[in-house]
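Below you'll find the structure, written out as structure tokens, and then a few comments.
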Amino acid sequence: MTVRELIQQARIDRVEAEILLADILEVERAWLIAHGEHLVAEPALTLFTDHATARQNGEPLAYVLGYRDFRSLRLGVNRHVLIPRRETEHLVEWAIECIDVGAKRVLDLGTGSGAIALACKAERPGAMLTAIDCSVEALACAEANARSLGVQVEWLESHWFEQLGAAQWDLVVSNPPYISASDAHLRQGDLPAEPDSALIGGQTGLESIEHIVEHTPDHLVPGGWLLLEHGFDQADAVTASMRDRGFQHIRSRRDWSGQPRMTGGQWQP
Ligand SMILES: C[S@@+](CC[C@H](N)C(=O)[O-])C[C@H]1O[C@@H](n2cnc3c(N)ncnc32)[C@H](O)[C@@H]1O
């Protein structure tokens with residue numbers, strides 16, 4: 001079958017079909033468009049059919065491909081980790097600003113695929129990154145990404161701060177689960193395929209965030225920062241929570257679509 005026929009017959013979005021076929025043939029999408037009459041042979045033919053069927057059945061494109069690009073990195077992903085989001089790239093930008101003004105020891109809480117820790121370390125090799133997750137499978141994915149990228153991060157299995165003793169950092173950054181367990185969005189798009197433990201922040205959606213805000217001061221040096229990603233309608237609640245805990249210089253930032261999606265504060269006891 002030719003490239004054009006395969007793409008036309010796949011019962012999925014045409015661009016996604018092109019992305020899947022380009023990935024299998026290890027060519028650019030532009031090449032496919034210019035070589036519509038190219039004959040696709042086995043095993044690529046069967047692999048493409050399998051991938052297109054998985055996509056048709058609702059498997060997220062990133063899981064079918066096995067990767068997602070995040071800032072300058074190509075990160076391996078699987079069903080044990082959240083698919084890294086563009087919004088989180090802004091959180092990394094903010095973390096890098098903190099590193100540039102002196103934060104050296106950085107903790108990524110709930111690292112998933114390792115996205116935040118790996119991007120910070122890749123872009124600022126002088127920083128010392130520690131990343132934790134409660135999911136052994138997520139840590140395995142993050143460590144595999146670190147190995148293939150040649151990036152050094154300390155990976156630890158921990159329920160938030162529980163296994164971290166009295167260690168302290170200059171910067172704590174986290175994209176924790178922040179969706180309410182009753183939120184209808186959990187049944188939409190890619191979310192049903194992603195791990196609940198990466199998405200759901202209790203009944204209110206704020207339980208993980210509140211836990212992190214409560215305990216972070218025990219692990220921040222004076223002057224250290226906490227940066228949190230959150231839902232588009234949670235900035236006020238996260239700000240209030242940080243203010244009540246005694247954080248200062250609290251501010252929220254917007255993502256590429258103009259939504260206030262991250263809030264940070266400085267710990268000055
Ligand atoms: C929203 S995902 C973020 C993943 C990654 N940091 C990113 O931005 O793509 C939240 C992560 O927090 C982890 N997590 C959830 N509850 C946790 C807990 N109690 N302790 C440690 N990690 C937890 C999940 O396993 C998941 O990997």
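The values are calculated or read from the model by the stated rules, or taken from the named source; none is laboratory data. Values in this document were obtained by computation on a predicted structure and should not be read as measured data. Glycine gets a Cβ as well: all are built from the backbone with ideal geometry, and neighbour counts include every protein chain shown. Please note that ligands, DNA and RNA were not included when accessible areas were found on the heavy atoms of the full protein model with its side chains. Shrake-Rupley method; radii C 1.70, N 1.55, O 1.52, S 1.80 Å.
Being open to solvent by less than 40 Å² (accessible area, probe 1.4 Å) and more than 13 Å from the ligand (Cβ to nearest atom) is the filter; apply it to the range 169-187 and report the residue that is nearest to I116 (Cα to Cα).
L171
Would you confirm whether any residue within the range 42-57 is open to solvent by less than 80 Å² (accessible area, probe 1.4 Å) and in a loop (DSSP other than H, G, I, E, B)?
No: zero hits.
With the condition being in contact with a Lys or Arg (Cβ under 9 Å, 6 or more places away or on another chain) and in the same structural domain as A167 (by TED's automatic domain parsing), I'd like the helices (runs of 4 or more DSSP H) fully within the range 192-269 carrying at least 2 qualifying residues.
Where helices (runs of 4 or more DSSP H) fall fully within the range 192-269 and carry at least 2 residues being in contact with a Lys or Arg (Cβ under 9 Å, 6 or more places away or on another chain) and in the same structural domain as A167 (by TED's automatic domain parsing), they are 207-215, 235-245.
Quick check on S113: is it near the ligand (Cβ under 9 Å from one of its atoms), in contact (Cβ under 8 Å) with a residue 12 or more places away in the chain, in contact with a Gly (Cβ under 6 Å, 6 or more places away or on another chain) and closer than 21 Å to L73 by Cα?
Answer is no for this residue.
One line per residue, one yes/no per condition, for (1) at pLDDT 95 or above; (2) of a type in the set (V, I, T):
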position: W160; (1), (2): yes, no
position: T204; (1), (2): yes, yes
position: Q234; (1), (2): yes, no
position: R243; (1), (2): yes, no
position: S257; (1), (2): no, no
position: W267; (1), (2): yes, no
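So if I check each of A166, A127, A146, which one is open to solvent by less than 30 Å² (accessible area, probe 1.4 Å), without any contact (Cβ under 8 Å) to a residue 60 or more places away in the chain and either more than 15 Å from the ligand (Cβ to nearest atom) or of a type in the set (D, E) (or both)?
Step by step, each of A166, A127, A146 is checked, and only A127 is open to solvent by less than 30 Å² (accessible area, probe 1.4 Å), without any contact (Cβ under 8 Å) to a residue 60 or more places away in the chain and either more than 15 Å from the ligand (Cβ to nearest atom) or of a type in the set (D, E) (or both).
Restricting to the range 97-106, give me the number of residues that are outside any loop (DSSP other than H, G, I, E, B) and either without any contact (Cβ under 8 Å) to a residue 24 or more places away in the chain or open to solvent by 10 Å² or more (accessible area, probe 1.4 Å) (or both).
5
Return the total of residues in the range 216-252 being within 23 Å of I99 (Cα to Cα), open to solvent by 30 Å² or more (accessible area, probe 1.4 Å) and in contact with a helix residue (DSSP H, G or I) (Cβ under 6 Å, 6 or more places away or on another chain).
So the count comes out to 3.
Mind counting the residues in the range 149-163 that are closer than 25 Å to R86 by Cβ and either in contact with a Phe, Trp or Tyr (Cβ under 8 Å, 6 or more places away or on another chain) or exposed (fewer than 15 other Cβ atoms within 10 Å of the Cβ) (or both)?
1
Output the residue which, of all residues in the range 58-94 that are assigned to a loop (DSSP other than H, G, I, E, B) and among the charged types (D, E, K, R), is farthest from the ligand (Cβ to nearest atom).
E59
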